[in-house]
Amino acid sequence: MLDILSDRTYRHLFLAQVVALLGTGLATVALGLLAFDLSGDGAALVLGTVFTIKMVAYVGIAPIAGAFADRVPRRALLVMLDLVRAGVALALPFVTEVWQVYVLIFLLQSASAAFTPTFQATIPDVLPEEARYTRALSLSRLAYDLENIVSPTLAALLLAVMSYNSLFLGTVLGFAASALLVASIVLPSPRPSEPRGVYDRTTRGIRIYLATPRLRGLLALNLAAAGAMVLVNTVILVRGSLGLSESALAWTMFAFGAGSMIAALVLPRVLDVLPDRPVMFGGAALMVATLVGLALTVLGAGLGWSILLTAWLLVGLGYSTVLTPSGRLLRRSAHAGDRPALFAAQFALSHACWLVTYPLSGWLLTVYGVVPALIGLALIAAFGMLAALKLWPSGDPVELEHTHDNLPLDHPHLRGHRRHSHALIIDESHPRWATHL
């Protein structure tokens with residue numbers, strides 16, 4: 001897997017992702033402490049609002065940014081967005097009112113909503129071979145999982161010798177280092193697509209996405225991802241239901257991350273042999289079975305820490321198995337020029353799913369208890385998996401080679417399309433063409 005780091009361009013992009021993630025992790029810790037300083041017992045409400053703002057920015061800004069990403073050289077765009085994020089992080093230690101936090105977080109997350117899909121859409125252009133791109137996806141997943149472990153540890157060490165405001169300086173340095181790494185390489189910038197109106201450009205990525213069967217299936221699998229139960233409710237289960245220490249909470253979250261990392265390490269070899277569809281459905285089925293099994297265990301013998309650790313390890317394994325291959329589906333579903341819009345659509349639509357499952361997960365546990373929350377999330381995941389089975393045909397080919405040269409002009413495949421000598425993809429947003437993507 002690590003052999004792809006021999007590619008200088010990808011190596012710099014990967015390092016840029018790592019340092020930016022570390023900076024973001026430090027900001028997450030510092031933001032919680034800042035919220036407590038500004039609002040005391042109301043800190044939970046402030047942080048809840050901050051995460052809502054984050055999701056709203058991701059859902060609303062990403063498609064707009066993706067629509068115009070091909071009009072600006074990618075390297076210049078990514079560097080500019082990194083500098084915007086660094087500037088916002090630099091301003092955070094100086095806020096004195098909660099509303100100022102909200103404004104700055106919206107700016108920060110809006111920049112991230114433009115940066116992340118553009119960054120993700122660049123990787124398949126740098127690594128066009130699917131096997132190498134698959135390994136890049138697994139490395140990216142590992143980076144996210146390691147950040148969940150390293151950032152809190154680094155924050156704890158820094159807080160032992162400095163104030164929490166200094167953590168924001170680490171965030172600034174992370175984004176600045178990311179900008180320097182991106183600026184040090186030459187990135188491919190596919191030619192802009194043909195001129196279109198603002199509405200057409202803004203909605204194009206989502207229209208391509210929803211017209212492509214495999215991507216409609218991916219959207220349903222985003223709903224099936226049961227990470228909301230882990231990310232929202234683990235602190236309640238460990239600290240409240242089990243009465244364990246903060247250290248136990250960290251180890252429980254580590255179990256989830258470890259499962260995800262195991263999947264990321266194994267998936268490249270698995271995907272060399274098996275198609276994406278059965279692998280991703282296997283991950284979804286594992287999450288559903290684990291949540292149901294944990295609910296039955298709690299009903300019978302009660303909740304135990306060892307059982308919870310095992311369950312979260314399995315959920316992490318299934319979670320990464322569903323999400324890691326998604327970039328492969330996006331890569332093969334559009335021309336290079338449309339990839340930023342398509343990756344932005346995935347970014348926005350997946351976060352729209354999580355905007356539903358995150359608060360629902362917390363509400364179910366708070367109002368009805370552990371077992372109803374587990375069963376409720378399992379039912380949602382099962383619904384997503386069944387919907388994906390219906391939406392994503394089992395015979396979906398990677399690509400379908402054919403020519404339109406000898407077809408009559410009124411042939412269904414040619415209606416609405418220009419005649420093309422190797423017409424593999426003509427208008428990828430056309431519903432009749434979706435099965436050929």
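How many nm is it between the label spots at Y102 and T366, if each spot is 7 Å from the Cα in line with the beta carbon? Output for this residue pair reads 1.8 nm. In plain terms, the residue of Y319, Y358, Y58, Y368 with the fewest other Cβ atoms within 10 Å comes first and the most crowded comes last, giving Y368, Y358, Y58, Y319.
Going by neighbour counts of Cβ atoms within 10 Å, the residues D276, D37, D3 line up, fewest first, as D3, D37, D276. Here the residues D338, D272, D82, ranked from fewest to most Cβ neighbours within 10 Å of their Cβ, fall in the order D272, D338, D82. A Förster radius of 35 Å combined with the Cβ-Cβ distance from M162 to L274 puts the calculated FRET efficiency at roughly 0.10. The calculated FRET efficiency for the pair E130 and L389, based on their C-beta separation and a Förster distance of 25 Å, comes to about 0.55.
Bear in mind these aren't lab numbers, they're just calculated from the coordinates by the rules spelled out. As the structure is a computational prediction, the values presented were derived from the model and not from experiment. With ideal geometry, Cβ positions are generated from the backbone for all residues, glycine too; neighbour counts draw on all protein chains shown.
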